[in-house]
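Take a look at the structure set out below.
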Amino acid sequence: MADKNILVTGGAGYIGSHTVLQLLQEGFRVVAVDNLYNSSEVAIKRVAELAGDAKKNLAFERVDLRDREALDTVFASTKFDAVIHFAGLKAVGESVHKPLLYYNNNLIGTITLLEVMAAHDCKNLIFSSSATVYGWPKQVPCTEEFSPSAANVYGRTKLIIEDICRDLQKSDSDWRIILLRYFNPVGAHPSGDIGEDPRGIPNNLMPFIQQVAVGRRPALSVYGNDYNTSDGTGVRDYIHIVDLADGHIAALYKLFQDQSIGCEVYNLGTGKGTSVLEMVAAFEKASGKKIPLIMADRRSGDAEIVYASTEKAKQELNWRAKYGIEEMCRDQWNWASKNPWGYEAPESQS
């Protein structure tokens, strides 16, 4: 696949950076674009270091997808064989308070990307969707056939983009699109050199646990301990970030090898549920740190139990998650202990 050029949007982000590294190691040439709104260019520099000789196949451009002229320049400079589209705002709470920001960034950015792709005759796309499109599932595991319903603005942008992709492919059969619905990405590259580094207060469980463990926050708030689960806390499907990146490689091969792909959707998860308290215990074991807990009320909009059916990805992409929560916590702690303040420590901490 060394002759294939891949554009990765949001390439400096958490999932994007890990996927860029896997692509380089697999022999692809990669151009990563990112507006650095919620990411750091340091991540791309570290990816280049980890890639060794393959770093010669990596280029980075600071581009906002809504800037058609800048995006067009990127496409004019390289003939891309496929696009992996990660770029988007993703904080559930913020999306509810700032809906126009999310609709503007996520939808207009995607539409502009698709228009520029079409203008340059690049019609192979892998889109970063989310398990949030399952809303509050009435049963588990979630299969790709479930009727989607978004519980918040962020999820709605993912759902709308999925519909845009389906409509686009129906209108023009040259488009070949894979929609990947992620469950809960956690962990970090085993080197500890790249990982998750959210700006502000983390919205997800693991980066919050991590920040408590390194002393950046005093305690972890557990939202709801009266659910109908084994220990009363919510249950989610956590997937190691390296497994998730490998899922994109598998999807890319599927795009290139299966000419009959139209617009297809796959779950990427482990197929297992883990409760909040189980994850805290696993992280305490991996880190040797006690995580103080504050039991809080349930958050509105949180589902009780959500985990994936992964059969379709196993059968059609020949992919399955390899890592469990022990490895997720081990690698998360390795990243956190080496980079307690993320990529760019405040001057007072450096």
Between the modelled labels at D231 and Q259 (7 Å from Cα along Cα→Cβ) the distance in nm is 5.3 nm
Of the listed links K138/K314; K98/K290; K138/K289; K285/K314; K158/K314; K138/K312, those spanning more than 26 angstrom between alpha carbons are K98/K290; K138/K289; K285/K314
With +1 on the Cβ of every Lys and Arg and -1 on the Cβ of every Asp and Glu, the dipole magnitude of the chain about its Cα centre, in debye rounded to the nearest 20, is 480 debye
Helix 153-171: inclination vs the chain longest Cα principal axis, degrees, rounded to 10, gives 30 degrees
Two pseudo-spin positions, 7 Å from Cα along C-beta at K45 and at N5, lie apart in nanometres by 2.7 nm
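As a check on your grasp of the helix formula, calculate [θ] at 222 nm for the chain: sum -39500 (n - 2.57) over DSSP H runs of n ≥ 4, divide by the residue count, round to the nearest 500.
Working: 12 runs with 131 residues, N = 350.
Value at 222 nm, helices only, nearest 500: -11500 deg cm²/dmol.
What number comes out for accessible area per residue over segment 182-289 if the probe is 1.4 Å? Units Å², please. It would help to have the intermediate numbers written out before the result.
On the way: 3760 Å² over 108 residues.
In whole numbers, segment 182-289 has 35 Å² accessible per residue.
On average over all directions, what projected area in square nanometres does segment 137-184 have, based on the convex hull of its Cα atoms?
Numbers: hull surface 15.9 nm².
Dividing the Cα hull surface by four gives the mean projection, 4.0 nm².
With the full set of protein chains in place, find how many percent of the accessible area of the chain is carbon and sulfur; take the probe as 1.4 Å.
Values: 7120 of 15140 Å².
Using a 1.4 Å probe with all protein chains present, the chain comes out at 47 percent carbon and sulfur.
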Volume per residue (Å³) of the convex hull spanned by the alpha carbons of segment 139-272 is 158 Å³
In Å, the C-alpha Rg and Dmax of segment 250-309 are 18.6, 52
Measuring from its Cα centre, segment 1-130 shows a charge dipole (+1 at each Lys and Arg Cβ, -1 at each Asp and Glu Cβ) which, in debye to the nearest 20, is 180 debye
Here the percent of antiparallel bridges among DSSP beta bridges lying wholly in segment 212-350, to the nearest 5, is 25 percent
The rounded separation in angstrom of the Cα centers of segment 206-284 and segment 142-179 is 21 Å
Expressed in angstrom and rounded, the centroid-to-centroid distance over alpha carbons for segment 28-51 and segment 94-138 is 20 Å
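Per residue, how much accessible area does segment 81-148 have with a 1.4 Å probe, in Å²?
Values: 2890 Å² over 68 residues.
I get 43 Å² per residue for segment 81-148.
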Note on the chain, DSSP bridge orientation, antiparallel percent to nearest 5 equals 5 percent
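Would you mind working out the accessible area per residue for segment 6-73, using a 1.4 Å probe, and quoting it in Å²?
On the way: 2800 Å² over 68 residues.
Spelled out: the 1.4 Å probe surface of segment 6-73, per residue, equals 41 Å².
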Karplus ³J(HN,Hα) for segment 48-57 (6.51 cos²θ - 1.76 cosθ + 1.60, θ = phi - 60°; Hz, whole; x = Gly/Pro) runs 4, 5, 5, 6, x, 4, 5, 5, 5, 9
Quick calc, segment 1-49, dipole around Cα centre from Cβ unit charges on Lys, Arg (+) and Asp, Glu (-), nearest 20 debye, gives 20 debye
A chain fully extended from S147 to K338 at 0.36 nm per residue, minus the present Cα-Cα distance, gains in nm 64.5 nm
Binned at 10 Å starting from 0, the alpha-carbon pair-distance distribution of the chain in whole percents comes out as 5, 26, 36, 24, 7, 1
A chain fully extended from L101 to A345 at 0.36 nm per residue, minus the present Cα-Cα distance, gains in nm 85.1 nm
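The values are calculated or read from the model by the stated rules, or taken from the named source; none is laboratory data. Bear in mind that the values here come from a model prediction, so they are computed numbers and not experimental data. Note that we place each Cβ from the backbone using ideal geometry, even for glycine, and neighbour counts take in every protein chain shown. Note: accessible area is taken over every heavy atom of the protein model, side chains too, but ligands, DNA and RNA are not part of it. Shrake-Rupley method; radii C 1.70, N 1.55, O 1.52, S 1.80 Å.
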